[in-house]
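Working notes, structure below.
The values are calculated or read from the model by the stated rules, or taken from the named source; none is laboratory data. Just so we're clear, the structure is a prediction, and the values are computed from it rather than from any experiment. FYI the Cβ positions are ideal-geometry reconstructions off the backbone, even for glycines, and counts take in every protein chain you see.
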Amino acid sequence: MKSEFTPPIGRISQITGKCISLIGNDIDTDRIIPARFLKCVDFDSLGKSVFEDDRKTLKGSHAFDLKENQDSSILIVNSNFGCGSSREHAPQALIRWGIRAIIGESFADIFYSNCIAIGIPCFTLPKKSIQEIQKYNVSQSLLLEIDMKNSLAKSKDLNFNLDIKESSRKMFLSGEWDATSTLLENANLIENKFNQLPYIKFNVQLL
């Protein structure tokens, strides 16, 4: 039973968690969260429906159903992950299941941007390194420590130099990825700007 969802906030400099491997190229957003779940009013219930159709097909043997993976938070994937529809529900479903970072060969651009916007860093590694992690993860549990500042991932037996867009790395280290927190931290600047706008003053006087 997973604990209640707590969204990430502010600066993200380190992520530590168990890995869960999902093998296959071109896993699209419709597989991550099928279209029938897009009519939800909010994202809260999406976590339990992530990979719903794939999980039904595999009848309990899907990676997201295996007991040993239930407390995992770092997803290991192959190439072009998150392709297809641009639905933001896909990363929202993953983060509500418990995923806090994704390491893969490559990502669809819009999926990548949607992940960054909600606090899921997406790192890339060469195909050989991804396969090494996935092969290791099949035989035993893998706990990774991700150092955002130095773009490193390490475990007891493995060490990798991760790739991430420099702009994304800086956003996580500064907390700027978190638009809501950034706005709240700069409330005084927003109020000052509001008071400087002549058309705002004019409209208020008319009211």
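A few comments on the model shown:
- Hey, I130 closer than 22 Å to L143 by Cα, out of contact with any helix residue (DSSP H, G or I) (no Cβ under 9 Å at 6 or more places or on another chain), among the β-branched types (V, I, T) and assigned by TED's automatic domain parsing to the domain that holds L46 or not: yes
- Residue among I102, I120 that is assigned to a loop (DSSP other than H, G, I, E, B), closer than 16 Å to I33 by Cβ and within 12 Å of the chain's Cα centre (by Cα): I120
- Within region 156-189, the residues that satisfy the criterion of being in a helix (DSSP H, G or I), of a type outside the set (D, E, K, R), at pLDDT below 70 and within 24 Å of I116 (Cα to Cα) are S181, T182, L183, L184, A187.
- The listed residues are E88, E68, E52, and the only one of them that is touching a residue at least 60 places away in the same chain (Cβ under 8 Å), assigned by TED's automatic domain parsing to the domain that holds S139 and surrounded by fewer than 21 Cβ atoms within 10 Å (Cβ to Cβ) turns out to be E68.
- Pairs with Cβ under 8 Å, 6+ apart, first in region 167-179 and farther than 10 Å from I9 by Cα, second buried (at least 16 other Cβ atoms within 10 Å of the Cβ) and among the aromatic types (F, W, Y): S168/W177; M171/W177
- The set of residues in region 123-166 being among the polar types (S, T, N, Q), surrounded by 14 or more Cβ atoms within 10 Å (Cβ to Cβ) and without any contact (Cβ under 8 Å) to a residue 60 or more places away in the chain consists of T124, S129, Q131, S151, S155.
- Selection count, region 37-57, where residues are within 13 Å of A93 (Cα to Cα) and part of a helix (DSSP H, G or I): 7
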